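The values are calculated or read from the model by the stated rules, or taken from the named source; none is laboratory data. Nothing here was measured: the structure is a model prediction, and the numbers come from that model. Glycine also receives a Cβ, built like all others from the backbone with ideal geometry; neighbour counts cover every protein chain displayed.
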Amino acid sequence: MKTHKVAVVMGSTSDLPVMQDAIDILRHFGLEVVVDVVSAHRTPEKMFDFGKNAHQNDFKVIIAGAGGAAHLPGMLASLTPLPVIGVPVKSSNSIDGWDSVLSILQMPNGVPVATVALNAAKNAGILAAQIIASNDKVLQEKLIAYKLELAEKVSKMSSSLKNN
């Protein structure tokens, strides 16, 4: 069975501790994950090549994490027909993460980037799986089971509070 392929790219390896959550949840759902450093500012040719060819390389969704000016998700979205999910990363040179959030969130009409919360790479991975699951019933069932597990955890937390 052919698995669906998701790209998880970031501007620097310093973003990896945040982006690892996306990688882990995508693998949890059985998706193929390709991880790379693609800097919009330091390797623009690599970014252009990756963005223009991602759909031809069988990717279904791109998750792009970036801190500071955070141009990577938007630039990739301008180059590819694929859905791009941006993960704003609070970096060492960040203005409390707001620069990253606004850089990814404030895209012009015609170049959408789905944006998750600051450092919320896990949500980006779940959203990527949900996008793919719209055409994959097996993956959809895995997501349903995952959400039921979340509900069970909350129910257990609620019960434990009532027992105190």
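Structure notes:
- Out of VAL138, VAL116, one residue alone is within 17 Å of the chain's Cα centre (by Cα) and modelled with pLDDT of 95 or more. It is VAL116.
- Verdict on LEU118 being of a type outside the set (Gly, Ala, Ser) and touching a residue at least 12 places away in the same chain (Cβ under 8 Å): yes
- Selected residue (criterion: farthest from the chain's Cα centre (by Cα)) from residues of region 13-29 that are within 21 Å of MET75 (Cα to Cα) and without any contact (Cβ under 8 Å) to a residue 60 or more places away in the chain: THR13
- Residue count, region 30-59 (criterion: among the β-branched types (Val, Ile, Thr) and more than 17 Å from the chain's Cα centre (by Cα)): 1
- Taking the criterion of being assigned to a helix (DSSP H, G or I) and at pLDDT below 95, no residue of region 34-74 qualifies.
- From SER100, SER92, residue being outside any helix (DSSP H, G or I) and in contact with a Ser or Thr (Cβ under 8 Å, 6 or more places away or on another chain): SER92
- Total residues in region 13-33, condition outside any helix (DSSP H, G or I) and buried (at least 16 other Cβ atoms within 10 Å of the Cβ): 3
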